Amino acid sequence: MAETPGTVALAFTGASGAQYGLRLLECLIRAGVRVYLMVSRPAQMVISMETDLSMPGRPREIEQFFSERFNAAPGQLRVFDREQWTAPVASGSSPPDAMVICPCTTATLAAVSGGASRSLIERAADVALKERRRLILVVRETPFSEIHLEHMLRLTRMGAVIMPANPAFYHRPEGVDQLVDFVVSRILDHLHVPNDLIRRWGAEPAGEE
């Protein structure tokens with residue numbers, strides 16, 4: 001089996017589905033993975049709309065907020081500003097083992113597909129591609145236009161993993177949290193981070209023989 005990554009870059013962008021990214025961050029920290037976090041301005045707005053979190057606005061404050069909330073080890077979580085070009089994720093000489101954009105807007109999808117690198121999130125994704133590191137884009141939009149699909153196909157051909165936030169129901173979810181966990185579990189699987197968030201296909205429901 002592939003080794004669990006030591007460092008994962010995680011980006012929150014302004015698509016609906018903030019719960020996916022927040023839960024993924026929590027799971028990565030609890031798994032002992034070091035996380036480089038980037039949060040776009042639209043993502044901050046969406047988090048305030050979709051959750052009850054009162055997340056601060058500055059990177060250092062965000063870092064402290066999530067470190068305390070998820071009980072991160074000292075130095076395990078680092079949060080970078082949107083244009084902090086000295087961040088490790090901005091250079092191929094110090095790339096993380098993998099990167100996830102969750103949730104990923106179609107605007108971010110297009111920027112990564114075109115190699116725009118206008119923000120640290122876009123540059124970090126560009127680095128992941130050029131260094132042949134695992135890049136997962138959790139796109140949250142519906143329906144997809146031809147433009148969106150073309151960008152997805154292009155990135156797939158480059159080696160990225162396109163993983164739309166499409167939860168399944170065979171594990172018999174009893175609430176929204178279990179739907180979120182299904183998507184997060186699939187992301188963790190592709191990062192090779194062990195998890196037991198959901199009942200696997202073919203496994204008997206709890207209590208049944």
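Total residues in region 1-27 satisfying the condition of being under 16 Å from Phe80 (Cβ atoms) and either touching a Leu at 6+ places or on another chain (Cβ under 8 Å) or surrounded by 22 or more Cβ atoms within 10 Å (Cβ to Cβ) (or both): the figure is 8.
Could you grab me the full set of residues in region 88-114 that are assigned to a helix (DSSP H, G or I) and within 22 Å of Gly32 (Cα to Cα)? First the steps, then the outcome.
Filtering region 88-114 down to residues assigned to a helix (DSSP H, G or I) leaves 88-90, 106-114.
Pro88, Val89 - these are the residues of region 88-114 that are assigned to a helix (DSSP H, G or I) and within 22 Å of Gly32 (Cα to Cα).
Which residues, counting only those in region 57-106, are of a type in the set (Val, Ile, Thr) and surrounded by 16 or more Cβ atoms within 10 Å (Cβ to Cβ)?
Ile62, Val79, Val89, Val100, Ile101, Thr105, Thr106 - these are the residues of region 57-106 that are of a type in the set (Val, Ile, Thr) and surrounded by 16 or more Cβ atoms within 10 Å (Cβ to Cβ).
Scanning region 96-112 for residues that are free of Cβ contacts under 8 Å to residues at least 40 places away in the same chain and more than 24 Å from Gln19 (Cβ to Cβ) turns up nothing. Please enumerate the residues belonging to region 115-148 that are over 17 Å from Trp85 (Cα atoms), open to solvent by less than 30 Å² (accessible area, probe 1.4 Å) and part of a helix (DSSP H, G or I). Listed by number, the list holds a single entry, Leu129.
Which one of these is of a type in the set (Asp, Glu), in contact (Cβ under 8 Å) with a residue 40 or more places away in the chain and in a helix (DSSP H, G or I): Glu3, Glu68, Glu26, Glu61? Step through it out loud before you land on a result.
Numbers: Glu3 fails: in a helix (DSSP H, G or I); Glu68 fails: in contact (Cβ under 8 Å) with a residue 40 or more places away in the chain; Glu61 fails: in contact (Cβ under 8 Å) with a residue 40 or more places away in the chain.
None of the other options fit; the residue is Glu26.
Looking across region 150-168 at every residue that is out of contact with any Leu (no Cβ under 6 Å at 6 or more places or on another chain) and part of a helix (DSSP H, G or I), the one that is nearest to Leu179 (Cα to Cα) is identified as Met152.
The values are calculated or read from the model by the stated rules, or taken from the named source; none is laboratory data. What you see is a predicted model; the values in this text were computed from it and never measured. Positions of Cβ are backbone-derived with ideal geometry, glycine not excepted, and every protein chain shown enters the neighbour counts. With ligands, DNA and RNA removed, areas are computed over all heavy atoms of the protein, side chains included. Shrake-Rupley method; radii C 1.70, N 1.55, O 1.52, S 1.80 Å.
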